[in-house]
Amino acid sequence: MSKKAYNVIDLFCGCGGLSLGFEQAGYNLLLGIDMWKDALITYEHNHKHGKTLCADLARLTEEEIEDIVDHKKVDVIIGGPPCQGFSIAGKRIVDDKRNSLYKTFVRMVAYFKPKAFLMENVPNILSIGNGVVRDSILKDFHDIGYSVNYKVCLAADYGVPQNRRRAVFVGFLNGTSFVFPDPKINSVVTCKEALSDLPENTIADGNPYQSEAESDYQKLMRQNSTGVYNHEITVHNEKTKRIIAMVPDGGNYKDLPTGLQNIRKVHIAWTRLCSYKPSITIDTGHRHHFHYQYNRIPTARESARIQSFPDNFIFMCSKTSQLKQIGNAVPPLMAQALAEQILKHL
């Protein structure tokens, strides 16, 4: 770890998965900005050292941010701007008014001139319009003085029990060419290794674990936790439970009788997590993914485990909101691996 703690601001921070990874790597969090109040309540509860700001970044001036961080030097800017306009194939993205948030990210980097930035997004951002979006992103940052490298990173390579893919752009002001970290583990962490110590039924917040940790991953997640939080189950109706019960470990709607296969019109319907593989990408609580063993959707704590949030990271607001916050987040263990690698280049 570097002797100097580099200062970070997180734009579009959500509940703080990316921030947590950078914090675990030894960076100093100055500020997290987002428009969604619920996510910021969770962020504030867990990131005691950084400030939060609930605001529309497109309407925020750089000077306002400077005032909030007490004019400290911003060394690194991180974030994942929402990119609805990126799907307009063949059009230069900066011409799409829905990409004002992406342009805001570029504007902040141009103003603060951090030593480095990390921007993450959906993987197909690299291929839309035969690469027109990717090329626009590279040009926009090149024009303000940054050399940029990009890659689709797989969370499971960094000890996250989930096959989640994200496109990651890392840029350096001094011309450094960023080398993405090699996979950190030899074998992936499975759903069972992530979740088997959490019971079928609800545990009231703060109550002790009901069993010993059964894997190294569970020990890691429990490390600084005094008890279990956010493990409130969803009680499905009897018909739903009967249908889930027909789907085997790792199965999906194709395992159901023909008459039941089309009752949900999405291709991921009735998908059971696979106990002996990492999870599929968890969503924001659409209730299509079920526990590998129990006939219910995962709890917020189980979803957080799948995302690699440690058990002492407590999610606030309603259960629906918690699931959405978790589903929108960057897995902290993947963020930490990237943050540590950036540190080597700084």
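The values are calculated or read from the model by the stated rules, or taken from the named source; none is laboratory data. This structure is a prediction, so every number in the text was calculated from the model and none was measured. Positions of Cβ are backbone-derived with ideal geometry, glycine not excepted, and every protein chain shown enters the neighbour counts. Remember, those area values only see protein heavy atoms, side chains included, never the ligands or the DNA or RNA. Shrake-Rupley method; radii C 1.70, N 1.55, O 1.52, S 1.80 Å.
Tell me, what does the Kirkwood hydrodynamic radius of segment 190-346 come to in angstroms if you use every pair of distinct C-alpha atoms?
Radius from the Kirkwood sum: 16.4 Å.
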Accessible area per residue, Å², the chain with all protein chains present, probe 1.4 Å: 44
Percent accessible area from carbon and sulfur atoms, the chain, protein chains only, probe 1.4 Å: 50
Candidate values (i) 20.5, 63; (ii) 22.9, 70; (iii) 29.2, 93, label of the one derived for Rg and Dmax of the Cα atoms in Å: (i)
Rg over Rh, two decimals, segment 248-340 (C-alpha only, Kirkwood Rh): 1.02
5 angstrom amide H check on V228, placed H, neighbours 5+ away: G206, N207, Y209
Area of H47 that stays accessible when all protein chains are in place (1.4 Å probe, Å², to 10): 0
Of every Cα-Cα pair in segment 1-47, the percent that sits beyond 14 Å: 43
In order through segment 45-59: 3J(HN,Hα) via Karplus (6.51 cos²θ - 1.76 cosθ + 1.60), integer Hz, x for Gly, Pro: 5, 9, 9, 6, 8, x, 8, 10, 9, 8, 7, 7, 4, 5, 9
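With r defined as the distance between the Cβ atoms of Q24 and S318 and R0 fixed at 30 Å, what FRET efficiency is calculated, to the nearest 0.05?
0.65
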Computed label-point distance, nm, for sites H142 and D70 using a 7 Å Cα→Cβ extension: 4.0
Separation between Cα centres of segment 98-143 and segment 206-235, rounded to whole Å: 38
Nearest-10 value in Å² for the accessible area of Y158, using the 1.4 Å probe: 10
Rounded tilt (10° steps) of 100-112 against the dominant C-alpha axis of the chain: 50
